[in-house]
Structures are given as C-alpha cells and as structure tokens.
Amino acid sequence: MKLQQLRYIWEVAHHDLNVSATAQSLFTSQPGISKQIRLLEDELGVEVFSRSGKHLTRVTPAGESILRVAGDILSQVESIKKIAQEFNHEQKGDLSIATTHTQARYVLPSVIDRFMNRFPDVSLHMHQGNPAQIAEMAADGTVDFAIATEALGSHSDLIMMPCYKWNRMIVVPKGHPLLSEGHLTLERLAEFPIVTYVKGFTGRSKLDEAFAEAGLKPNIVFTASDADVIKTYVKLGLGVGIVASMAYDSTKDGDLEALSADNLFAPSVTNIGFRKGAFMRGFMYEFLQQFAPHLTQEIVDEAYHMHIHREDVSDLFTGIELPSF
C-alpha cells in the first residue's frame, strides 16, 4: 500500500468519481491513476469503487470506510509537512478559510488586511459556500478554518469556538411607514412582505424561531444568501429587508434607512472551527486572535484538549463575554 494510492482514491472520490478530472488536477495521467487504484484494491482484496465498464459508478460500503481512514492519514501527512514548515519557515506558508458571503464581504476584510501586513509571505485562500459546505470543507481538511453562524456544529470532527455575537437590522426605502413607528414589533413587521436570507444562512434560524414563538407566519417573498442582493430588492420595493447588522452601512447604503431589530430577535453567534488533529502553525494562532481577540493560543489549545477528551468545549467560554459586531 502506497501513500500515493490513498491520495488517488481520496481525490477521485472528491472529484465525483471522475478519473479524468482527478488526473488533470494532480497533473498526472488517467491510466496511471486507474492502474494504482486497481493495484490497491487487489492488495486489499476489496473494491473501493463499483464500476460499469470502465466507468466508476459509486463508492462501495468498504470504500466508504477505507476513504474515512485514508482522509485521516492524508490529514496527518499534511500536519507533518506543516510541522516541518513551522521549523524551517515560521512566517511562510498557506492558510485556507471557508466562509459565507456575509463574513467574507463585511467582517473579514479588515482582519485579513492586518494579517497580511503581519505575514506578507503567507498565501491566503478563501472559499465561499453555504454553511453545510463550509463545515464539510473543514471536516475533510480542504481548508484550515471554517467561519459561519449556522451548521458548523453538525460535524463531530470540528472543534468549534465562538467568536462574536450579532443581531439584525430592518432595512427599508426612505419614507417607509415603519420609520414612523415608535416601537417596532414582530406583529407590525409581519404585516409587510419580507426579503431576507435563505434558510440555513446567516442566522436565519433565529428569525424563524422568533416569528414561530410569537405565533406569526411572516410573508417572506424573496430570499438570497447575499445581503447585497437582499438590499437591492428592498430598494426596488419588493419588501422589508432583514439583514445582519454588519451588512448595513449608512454611508454606502444611503438610499436605505435602517431600524434596529435587537428587541425582536435573539442574537446569533458566529463560530470558527478547525479539524480535530490539525497542526496549528504560529500564524494560524495569530489569525484566530486577530479575528476574535479572546481566542488566545492558551484558549485554543485548551479547547483542543477538551474536544479530544470529549468534554463540552462550550464550557470553556461560559465566563467570556463575547464581543458584539
């Protein structure tokens, strides 16, 4: 069994069983990959992939288990490389982050600017997706960190740490009737068509919970994952917008007015997660602390220790007052 063979089956499985696409991404030949996969299967005595003629059709039950272990092995190999890099080039390397549009557009720019000034020789790679995709990328080792508000808790292999709390703003065109309200209520809000986030994005669950607990069914006429898109359709008069507070800028969004929704919805918490067993380089600790100042190296290492011993990591943050965005 060769490490190269494990990398081939892992990459093929993550390229939708397309051997040709895998070969292109690895700069090698399709016949070479197919041959090595066959040699591995012959050595193991089981098929990793089912076939129809020359085409791979699915991952076998045995293959599912083999791929899980192969992923762990490849992750450890990457950790070994990072250990060597840390000792040879402490301030040089790569950092990959998966996050949502809201974080990438409104929260991370200033953090990344400071980080890149501090570590100019670190190449930073940002991946965007929905929260489930983001969690999966961190869990399978595609990225170092996952940043999101929803769905990160669904992976037991991720060590989750709270970063900051935030709430929502109601955005409306100038002259809208809600602007004359002395005290905004959910009941009054529910009288208008609503434009907001797609389910599973940017704390949408808190919004749904608030209306449900009040016995109200909001008239949600348009949803999107991008706050800029939401604001665009609010400007067109499609409805009242509900967006994350950090997504409204009174200067850039001068044709919209905003109302605080702190009294209507419970605050949400944005988390950052990394894979259990990942090797943390010095600049990775620095990024965490620049993103969330309370995430010192000591706190991060303690969270890792607690997760490994199957303790509730959230207990570590009980006495910490999270900053508000």
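Figures for the structure shown
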| read-out | value |
| --- | --- |
| Rg/Rg_globular for the chain, with Rg_globular taken as 2.2 N^0.38 Å and Rg from C-alpha atoms | 1.17 |
| Portion, in percent, of the accessible area of the stretch 214-287 that falls on carbon or sulfur, probe 1.4 Å | 49 percent |
| Area accessible to solvent at residue 111, 1.4 Å probe radius, in Å² | 10 Å² |
| Solvent-accessible surface (1.4 angstrom probe) belonging to residue 126, in square angstrom, nearest 10 | 80 Å² |
| Subset of 54/81; 35/276; 206/231 violating a 24 Å alpha-carbon distance limit | 54/81; 35/276 |
| Dipole moment magnitude, nearest 20 debye, the stretch 160-274 about Cα centre, only Lys, Arg, Asp, Glu C-beta charged | 180 debye |
| Nonlocal amide H pairs with residue 127, under 5 Å, H built at 1.01 Å | 97, 98, 99 |
| Vicinal HN-Hα couplings computed from phi for the stretch 308-325 (Karplus, 6.51 cos²θ - 1.76 cosθ + 1.60; Hz; Gly/Pro x) | 4, 8, 6, 8, 6, 4, 4, 4, 5, 9, 4, x, 9, 7, 5, x, 9, 9 |
| Student exercise, the stretch 167-212 dipole from Lys, Arg, Asp, Glu Cβ charges, in Debye to nearest 20 | 220 debye |
| Accessible area, probe 1.4 Å, largest first, for residues 10, 166 | 10, 166 |
| Helical mean residue ellipticity (222 nm; -39500 (n - 2.57) per DSSP H run of 4+; nearest 500) of the chain | -12000 deg cm²/dmol |
| Between the stretch 107-135 and the stretch 214-248, the Cα center-to-center distance that results, in Å | 26 Å |
| Length-normalised contact order of the chain in % [C-alpha pairs under 8 Å, at least 6 apart] | 20 percent |
| Options 219, 297, 30, ranked by Cα towards positive dipole end of the chain, top entry (Cβ charges) | 30 |
| Whole-number percent relative contact order across the stretch 153-251, with pairs defined as alpha carbons under 8 Å at least 6 apart | 40 percent |
| Between the stretch 268-297 and the stretch 24-64, the Cα center-to-center distance that results, in Å | 36 Å |
| Amide hydrogen neighbours beyond the local backbone of residue 240, cut-off 5 Å, H modeled | 194, 195 |
| Charge-dipole axis of the chain as Lys and Arg at +1 and Asp and Glu at -1 on Cβ define it, positive-most pick from 40, 247, 61 | 40 |
| Solvent exposure ordering (accessible area, 1.4 Å, most first) of 16, 315 | 16, 315 |
| Per-peptide average of other Cβ atoms within 10 Å, ordering 238-247, 265-274 highest first | 238-247, 265-274 |
| Mean Cβ neighbour count within 10 Å, used as a protection proxy, ranking 195-205, 210-220 highest first | 195-205, 210-220 |
| HN-Hα J in Hz across the stretch 213-218 - Karplus 6.51, -1.76, 1.60, θ = phi - 60°, x for Gly and Pro | 5, 8, x, 10, 10, x |
| The stretch 70-134, relative contact order in percent, only Cα pairs under 8 angstrom and at least six apart counted | 42 percent |
| Compactness of the stretch 1-135, expressed as Rg and Dmax over alpha-carbon positions, Å | 18.5, 54 |
| At q = 0.17, 0.24 Å⁻¹, base-10 log of I(q)/I(0) for the stretch 77-169 (Debye sum, equal scatterers on each alpha carbon) | -0.83, -1.30 |
| Accessible area of the chain divided out per residue, in Å², using a probe of 1.4 angstrom | 49 Å² |
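The values are calculated or read from the model by the stated rules, or taken from the named source; none is laboratory data. Please read these numbers as outputs of a predicted model, since none were measured by experiment. Glycine gets a Cβ as well: all are built from the backbone with ideal geometry, and neighbour counts include every protein chain shown. When the accessible area is computed, the model is the full protein with side chains, heavy atoms only, and any ligands, DNA or RNA have been set aside. Shrake-Rupley method; radii C 1.70, N 1.55, O 1.52, S 1.80 Å.
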